[in-house]
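Working notes, beginning with the structure itself.
The values are calculated or read from the model by the stated rules, or taken from the named source; none is laboratory data. Not measured: the values here are computed from a predicted model. Cβ atoms come from the backbone with ideal geometry, glycine included; neighbour counts cover every protein chain shown.
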Ligand SMILES: Cc1cc2nc3c(=O)[nH]c(=O)nc-3n(C[C@H](O)[C@H](O)[C@H](O)COP(=O)(O)O)c2cc1C
């Protein structure tokens, strides 16, 4: 079987909440556990190392005997990837980047995933993995083979969060300043990486990413437009995770297209969209 390119994988990805009852194959488990053990896959964009746990489940019970649940959001999960991070702005952004890369690797193997920051029993997962001091579980994802026939619940949930309704380029991306919305055909070589940001998953599908591409097309600034009301401490945290996901989608697309560049934290002097706009990071093409 040929592996799907990363860009095609990102285009095809959707959150999966209903899985087949079939177990993950030994070979797939081997591939995933090797991936999350490999140092190279655990280093984030700011050079820090993350850690991801693989937890197998049988009827929602782990090998250690803990019952874990998702309030009915997920059906027939065969395993979980479980994240751990400090609860601090850049640690969370970086962690989400690392975790998302692992979910995309699973997707390349034909394994379904669904980022979850809210609808899982955090306490029981915390018993399962031993957390370090100052660590918490920001996210988990179930793993399993996609069941073609999704539940009515899945469809209703997708409808409720408008999961298939991704915001347009003009709403997410800007040309030079926040005053000028960006037209897709003007983005130059960064068009596809930006499109991958647009297609990425986000908490409650709020799509809080706002990107400003510099006039010379060499630098792309990443901002979060925090959703008012949603941005209690929990929503704020979720939107930091969304940002790490956006960075991962963007950089993996750049890698595939052989666009060299690097991340820097250097806020441009721009009039912001609103008081809810927060600068995070910029990508500079080499
Ligand atoms: C940080 C984050 C947290 C999420 N938390 C949950 C969750 O707790 N439960 C859930 O069912 N989906 C969760 N999702 C999945 C989103 O609802 C989903 O990505 C969004 O609706 C877009 O759909 P798509 O992933 O199919 O494009 C989360 C996604 C992200 C990125």
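Computed values, structure above
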{"read-out": "Lone qualifier among 160, 102, 156, 91 - being buried (at least 21 other Cβ atoms within 10 Å of the Cβ) and either modelled with pLDDT of 95 or more or within 16 Å of the ligand (Cβ to nearest atom) (or both)", "value": "102"}
{"read-out": "When residues of the stretch 13-30 are limited to those that are in a helix (DSSP H, G or I) and without any contact (Cβ under 8 Å) to a residue 12 or more places away in the chain, the one surrounded by the most Cβ atoms within 10 Å (Cβ to Cβ)", "value": "30"}
{"read-out": "Options 112, 117, 72, 83: the member that is surrounded by fewer than 17 Cβ atoms within 10 Å (Cβ to Cβ) and assigned by TED's automatic domain parsing to the domain that holds residue 10", "value": "72"}
{"read-out": "Any hit, the stretch 170-190, residues being within 26 Å of residue 32 (Cβ to Cβ) and either within 15 Å of the ligand (Cβ to nearest atom) or out of contact with any helix residue (DSSP H, G or I) (no Cβ under 6 Å at 6 or more places or on another chain) (or both)", "value": "no"}
{"read-out": "Matching residues, the stretch 57-73, being part of a loop (DSSP other than H, G, I, E, B), free of Cβ contacts under 8 Å to residues at least 60 places away in the same chain and away from the ligand (no atom under 16 Å from the Cβ)", "value": "59, 63, 65"}
{"read-out": "The one condition in (1) surrounded by fewer than 13 Cβ atoms within 10 Å (Cβ to Cβ); (2) over 30 Å from residue 263 (Cα atoms); (3) touching a helix residue (DSSP H, G or I) at 6+ places or on another chain (Cβ under 9 Å) that residue 65 fails to fulfil", "value": "(3)"}
{"read-out": "From the options 99, 54, 105, residue that is in contact (Cβ under 8 Å) with a residue 12 or more places away in the chain, more than 15 Å from the chain's Cα centre (by Cα) and not assigned by TED's automatic domain parsing to the domain that holds residue 230", "value": "54"}
{"read-out": "Considering residues of the stretch 132-152 that are in a loop (DSSP other than H, G, I, E, B) and out of contact with any helix residue (DSSP H, G or I) (no Cβ under 7 Å at 6 or more places or on another chain) only, the residue farthest from the ligand (Cβ to nearest atom)", "value": "133"}
{"read-out": "Residues of the stretch 199-209 classified as out of contact with any helix residue (DSSP H, G or I) (no Cβ under 6 Å at 6 or more places or on another chain) and more than 10 Å from the ligand (Cβ to nearest atom), total", "value": "0"}
{"read-out": "Number of positions in the stretch 31-51 that are touching a residue at least 24 places away in the same chain (Cβ under 8 Å) and outside any strand (DSSP E or B)", "value": "11"}
